[in-house]
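Trainee: To start, I am sharing the structure in question, which I have written as structure tokens.
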Amino acid sequence: QVHVVESGGGLVQPGGSLRLSCVASATIYSMYRMGWYRQAPGKKREQVAVITTGGSTNYADSVKGRFTISRDNAKNTVHLQMNSLKPEDTAVYYCNAVPSNIYAWGQGTQVTVSS
């Protein structure tokens with residue numbers, strides 16, 4: 001069963017921007033905090049941003065000040081606005097509930113930052 005569908009990734013030059021979107025099932029979206037996670041080649045998956053049902057946010061230090069997570073309650077959608085992208089932001093980006101061990105992962109969306 002598909003619980004989340006991510007989109008919006010792509011190839012962007014350093015310093016550029018991308019906006020990721022995640023459409024979640026109504027159950028996940030209404031009951032849980034939502035998070036964006038990423039996994040770079042050869043590395044463990046890490047959490048980069050979290051938003052509560054009330055809209056409070058938290059960010060990993062590596063993306064603080066550059067990434068913004070937001071919710072669109074009318075569309076059960078979570079966005080991740082990524083600005084000032086760096087090559088080290090290259091990864092597959094996933095969204096999921098927080099904690100992430102309740103629901104299966106989606107297919108993710110690839111973000112590649114390269115000149």
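Trainee: Only residues that are farther than 20 Å from residue 27 by Cα, open to solvent by 20 Å² or more (accessible area, probe 1.4 Å) and out of contact with any Pro (no Cβ under 8 Å at 6 or more places or on another chain): list them for region 64-86, please.
Mentor: 64, 65, 66, 68, 81, 83, 84
Trainee: Let me ask another. Looking at 61, 89 in this structure, which one is among the acidic types (Asp, Glu), on the phi < 0 side of the Ramachandran plot and open to solvent by 40 Å² or more (accessible area, probe 1.4 Å)?
Mentor: Numbers: 89 fails: open to solvent by 40 Å² or more (accessible area, probe 1.4 Å).
Among 61, 89, only 61 is among the acidic types (Asp, Glu), on the phi < 0 side of the Ramachandran plot and open to solvent by 40 Å² or more (accessible area, probe 1.4 Å).
Trainee: For region 16-43, how many residues are under 19 Å from residue 89 (Cα atoms) and either without any contact (Cβ under 8 Å) to a residue 60 or more places away in the chain or of a type in the set (A, V, I, L, M) (or both)? It would help to see each step written out before you state the result.
Mentor: Within region 16-43, the subset under 19 Å from residue 89 (Cα atoms) is 16-22, 35-43.
Of the ones still in play, those that are also either without any contact (Cβ under 8 Å) to a residue 60 or more places away in the chain or of a type in the set (A, V, I, L, M) (or both) are 18, 20-21, 36, 40-43.
Qualifying residue count for the region: 8.
Trainee: Just one of the numbered conditions (1) farther than 13 Å from residue 4 by Cα; (2) surrounded by 14 or more Cβ atoms within 10 Å (Cβ to Cβ) is not true of residue 94; which one?
Mentor: (1)
Trainee: Moving on. Would you be able to tell me the number of residues in region 9-41 that are in a loop (DSSP other than H, G, I, E, B), open to solvent by less than 30 Å² (accessible area, probe 1.4 Å) and under 16 Å from residue 105 (Cα atoms)?
Mentor: Within region 9-41, the first condition is being in a loop (DSSP other than H, G, I, E, B), and the residues that meet it are 9, 13-17, 25, 32, 40-41.
Remaining after also requiring open to solvent by less than 30 Å² (accessible area, probe 1.4 Å): 16, 40.
Applying the additional criterion that residues be under 16 Å from residue 105 (Cα atoms) yields 40.
Total satisfying the criteria: 1.
Trainee: Filter region 72-115 down to the residues that are assigned to a strand (DSSP E or B), small (Gly, Ala, Ser) and either without any contact (Cβ under 8 Å) to a residue 12 or more places away in the chain or more than 14 Å from residue 20 (Cα to Cα) (or both) and list them by number. Break it down into steps so the answer makes sense when it comes.
Mentor: We begin by selecting, within region 72-115, every residue assigned to a strand (DSSP E or B); these are 72, 77-82, 91-98, 109-113.
Of the ones still in play, those that are also small (Gly, Ala, Ser) are 91, 97.
Within region 72-115, 97 is the sole residue that qualifies.
Trainee: Taking the condition of being more than 18 Å from residue 4 (Cα to Cα), open to solvent by less than 80 Å² (accessible area, probe 1.4 Å) and either hydrophobic (A, V, I, L, M, F, W, C) or not in a loop (DSSP other than H, G, I, E, B) (or both), how many residues in region 49-58 meet it? Lay out the reasoning, then the answer.
Mentor: Residues of region 49-58 that are more than 18 Å from residue 4 (Cα to Cα), as a first pass: 54-58.
From what's left, open to solvent by less than 80 Å² (accessible area, probe 1.4 Å): 54-57.
Narrowing further to those that are either hydrophobic (A, V, I, L, M, F, W, C) or not in a loop (DSSP other than H, G, I, E, B) (or both): 57.
Total satisfying the criteria: 1.
Trainee: Here's another thing I want to ask about it. Considering each of 6, 46 in turn, give the residue that is under 15 Å from residue 94 (Cβ atoms), modelled with pLDDT of 95 or more and open to solvent by 30 Å² or more (accessible area, probe 1.4 Å).
Mentor: Values: 6 fails: open to solvent by 30 Å² or more (accessible area, probe 1.4 Å).
46 is the lone residue from the list that is under 15 Å from residue 94 (Cβ atoms), modelled with pLDDT of 95 or more and open to solvent by 30 Å² or more (accessible area, probe 1.4 Å).
The values are calculated or read from the model by the stated rules, or taken from the named source; none is laboratory data. None of these values were measured; they are calculated from a predicted model. Note that we place each Cβ from the backbone using ideal geometry, even for glycine, and neighbour counts take in every protein chain shown. Only protein heavy atoms, including side chains, enter the accessible area calculation; ligands, DNA and RNA are left aside. Shrake-Rupley method; radii C 1.70, N 1.55, O 1.52, S 1.80 Å.
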